[in-house]
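Encoded as structure tokens, the structure appears first; notes follow it.
The values are calculated or read from the model by the stated rules, or taken from the named source; none is laboratory data. Keep in mind it's a predicted model, so treat the numbers as computed, not measured. Note: areas computed on protein heavy atoms with side chains; ligands, DNA, RNA excluded. Shrake-Rupley method; radii C 1.70, N 1.55, O 1.52, S 1.80 Å.
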Amino acid sequence: MFLPIFLIGMSKNCYKSLKNNLDYLIKFKEMTNLNIKICIVDSDSVDGTKQYCKKLEEENKIEKFIEVDKLEEKYRSRIKRLALSRNEGLNFIKKEMNQDSIFVPMDMDLDLFSLTSFDALKNIFKSFIESDSDCLFPYSIPYYYDIFALRKQGWVKNNNI
């Protein structure tokens, strides 16, 4: 069995893209021998996102659904709300994660997998396992996407964090 790959998705009112992403990941998980663990952290959704995630958790299709509501009332900054949501996901995985695990943060309001075959995704994960990496952060060209990743000067043209 492969080491655990923790996919932690953050959501808020993104039912359509979240459903597409989770449907893809659940099917991928069922069709591979990778040790995929999915957790969704939701903040204040009112569009069906919560109900869908609760159903998937009850059916054991995702490992964990975490609700962190009323963040918008407390914090005006979207960045702050995302950071707090990500921390909730990290709190979940630190109970299960060990030295031999991979962490993949996901922003569920994006269409993450419509252009990705199962074989391509499996090869990405296997390359991380074989390279002894422990984290996979998404990026986009020409800009580095993940707002919380540590960055080295010169990695991207416009790095403002």
If DNA, RNA and ligands are ignored and the probe is 1.4 Å, what is the ranking of F28, F92 by accessible area, most exposed first? F92, F28
Would you list, by chain and number, the lysines whose Cα falls below 28 Å from the Cα of K70, excluding same-chain residues fewer than 8 positions away? K12, K16, K19, K37, K50, K54, K55, K61, K80, K94, K95
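What accessible area per residue, rounded to a whole number of Å², is obtained for region 1-109 using a probe radius of 1.4 Å? Don't jump to the answer; show the numbers that get you there.
Details: 5690 Å² over 109 residues.
Accessible surface, normalised per residue, equals 52 Å².
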Relative to the present Cα-Cα distance, how much length would full extension add between S127 and L110 at 0.36 nm per residue of separation? 3.7 nm
Quick one: give the max-minus-min coordinate of the C-alpha atoms of region 5-125 along each principal axis, largest first, in Å. 42, 33, 26
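Please work out how much length the chain gains when fully extended from K55 to L3, using 0.36 nm per residue of separation minus the C-alpha to C-alpha distance, in nm with one decimal.
Values: separation 52, 0.36 × 52 = 18.72 nm, distance 2.63 nm.
Here the segment from K55 to L3 would lengthen by 16.1 nm.
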Just read off the accessible area of K19 with the full protein assembly in place, 1.4 Å probe, to the nearest 10 Å². 60 Å²
